Amino acid sequence: MTLPRLDRAALDELRAGDRLSVPAARTVDCSVGIVHLGLGAFSRAHQAVYTEDAMLAAGGAEWGICGVTQRSADVHDRLAAQDGVYGVLTRGDGRATLRIVGVVREVLDGGAQTEALLDRLADPRIAVVTATVTEKGYRRAAGGGLDTRDPEVRADLAGGADLAGRPPVTVIGRLVRGLARRAHADAGPLTVVCCDNLPSNGTAVQRLVHDFCDALPGAEGGPLAEWIRASVTFPSSMVDRIVPTTTDDDRRDAAALSGRYDAGLVVAEPFSQWVVEDRFAGARPCWERAGVQLTDDVGPFEVMKLRLLNGVHSTLAYLGALRGHRTIAEAVRDDELRAIAEAMIRQDLIPTVEPPDGVDLGGYGHQVLARFADPALRHTCVQVAMDGTQKLPQRLLSAVSESLAAGRHPRYATLGVAAWMAYVARGRDVKGRALPLDDPLAATLGDVRGRTDADGVVDALLRLDAVFGPDLVDHTAWRRELTVDVQTLLTGAVPTVP
């Protein structure tokens, strides 16, 4: 039987129960106050849920979301047909619950509806912009600044900041053009909250915005940059929730709970965390009433998560994929790989992390592995393995560099780096199944695909300036150990570590 599709009208017919919750009328009918760039699964399971909860706690504040897709029209088409309504299927402890979310009030295709996006960014009713476009979406150069050699960045710069230029296609190009339109309309201050895994992500995005202004032709960037400095803030934030790819089984389970087909369904674990620097240019949702931690310094939370969670996640993904494991949960249940992850956290990563106030790093690491081990989430190794050149510097290499500089031996973190190199070079797991190479630098990485000489693989990959700094490239002892690990992994074995 074909089920009716979930949409706004269906909310009148749904009845909340033990395993199904539906949004309150005041969240469904609210006006838009936030623009979100990058309306992927994570944002729908994370920021949107926090925002809806904040509206409920505040008793009717107007913080509906205009969600903007960045590259693909698929998410737009799925959600637009449902009036922005979708479900979050939470899996954990052998139980699934479904929450219907109604706070996304408008869905825009960033590529086809650029003018509507720019108008939204210039709307005085918009007070906050949030973003989840992944690390690669920011088009950063090796030093963290804007990559002005990127052809799409160059095209956006050539279009200028004026209101009649070529429609921008990059996230920074769209943001700057929207800020220019906002300045021209005198629409008031704005807060831009980056929610991606970048070190000091607010500062990083602020730098990219000003780099873009500085690179604009003629003198048009100067006045715009001055307006941005006076009117826009870029608080940093740390976000955390595991959101695996939604499967047909997930959709069937959700439909059994709601009686509706949901093309926009997302799946998530029960755990969720959001830490935001309390530096807003104007009005904002009462996120703290929904569990968001507001702080003067996100840095310790950010480093803790990037290394103890993301660094271990990536290591398990590469080692697990090479060993033929399909999911992260399977990799954690592999006794040898779990021992590596536990030792990495304890010996290599915790010594590089300043604990946030009130956080026990050992307990946090234990919690991370428990979350990874939940078989209900089915987070695949190859999904976590994508975009390695963008993720490795902040997840593992920064910890390796700090450890070496302090005279420590980062044995397990080095193995994590080697696992990425072997994943790139082997291209197949121990069972002969292909391992996809999904990375912005895939064309360059392809040069080592299929190579079996560890020295050649290591030499070629260490030449990637966008990934490795000279402190590691020139560290002879570390390079030697890395090469030995890569050689072992290329044979299909896992190095024996103490």
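Restricting attention to region 457-466, which residues are out of contact with any helix residue (DSSP H, G or I) (no Cβ under 7 Å at 6 or more places or on another chain) and at pLDDT 95 or above?
ASP459, ARG463
Taking only pairs six or more apart or across chains, which ones have beta-carbon atoms under 6 Å, a first residue in region 245-256 that is in the same structural domain as TYR86 (by TED's automatic domain parsing), and a second residue that is among the charged types (D, E, K, R)?
What qualifies is ALA254/ASP262.
Quick check on ARG78: is it within 28 Å of ILE172 (Cα to Cα) and in the same structural domain as VAL266 (by TED's automatic domain parsing)?
Against the criterion (within 28 Å of ILE172 (Cα to Cα) and in the same structural domain as VAL266 (by TED's automatic domain parsing)), ARG78 qualifies.
Could you grab me the full set of residues in region 109-141 that are in a helix (DSSP H, G or I), under 17 Å from VAL193 (Cα atoms) and more than 23 Å from the chain's Cα centre (by Cα)?
Once the filter is applied, which keeps residues that are in a helix (DSSP H, G or I), under 17 Å from VAL193 (Cα atoms) and more than 23 Å from the chain's Cα centre (by Cα), region 109-141 yields only ARG120.
For SER403, all conditions in the list (1) surrounded by fewer than 20 Cβ atoms within 10 Å (Cβ to Cβ); (2) assigned by TED's automatic domain parsing to the domain that holds ALA339; (3) among the polar types (S, T, N, Q) hold save one; what is the number of the exception?
(1)
What are the residues in region 8-25 that are over 12 Å from THR97 (Cβ atoms) and surrounded by fewer than 17 Cβ atoms within 10 Å (Cβ to Cβ), if any?
ARG8, ALA9, ASP12, GLU13, ARG15, ALA24, ALA25 - these are the residues of region 8-25 that are over 12 Å from THR97 (Cβ atoms) and surrounded by fewer than 17 Cβ atoms within 10 Å (Cβ to Cβ).
Step by step: first the residues of region 170-204, then only those that are touching a Pro at 6+ places or on another chain (Cβ under 7 Å) and of a type in the set (Val, Ile, Thr), then the one that is surrounded by the fewest Cβ atoms within 10 Å (Cβ to Cβ). Which residue is that?
The qualifying residue surrounded by the fewest Cβ atoms within 10 Å (Cβ to Cβ) is THR191.
Taking the options GLY362, GLY358, name whichever one is modelled with pLDDT under 95 and small (Gly, Ala, Ser).
Going through GLY362, GLY358 in turn, the sole match is GLY358.
With the condition kept exactly as written, say whether any residue in region 235-242 is surrounded by fewer than 22 Cβ atoms within 10 Å (Cβ to Cβ) and part of a helix (DSSP H, G or I).
no
Does ALA477 satisfy the criteria of being under 23 Å from the mean Cα position of the chain (by Cα), surrounded by fewer than 16 Cβ atoms within 10 Å (Cβ to Cβ), at negative phi and without any contact (Cβ under 8 Å) to a residue 40 or more places away in the chain?
no
Within region 72-81, identify whether any single residue is crowded, with 21+ Cβ neighbours inside 10 Å and either within 20 Å of the chain's Cα centre (by Cα) or closer than 20 Å to ALA131 by Cβ (or both), and answer yes or no.
Scanning region 72-81 turns up at least one residue that is crowded, with 21+ Cβ neighbours inside 10 Å and either within 20 Å of the chain's Cα centre (by Cα) or closer than 20 Å to ALA131 by Cβ (or both).
Closer than 25 Å to LEU11 by Cα and in the same structural domain as GLY17 (by TED's automatic domain parsing): is that true of LEU118 in this structure?
Considered against the rule, which asks whether it is closer than 25 Å to LEU11 by Cα and in the same structural domain as GLY17 (by TED's automatic domain parsing), LEU118 comes out as no.
Can you name every one of the helices (runs of 4 or more DSSP H) wholly within region 300-385 that holds 3 or more residues which are under 23 Å from the mean Cα position of the chain (by Cα)?
Per the criteria, 312-322, 328-333, 361-372, 381-385.
The values are calculated or read from the model by the stated rules, or taken from the named source; none is laboratory data. Predicted model, so just to flag it, every value in this text is computed and none were measured. Quick reminder, even Gly has a Cβ in these numbers, built from the backbone with ideal geometry, and neighbours come from all protein chains shown.
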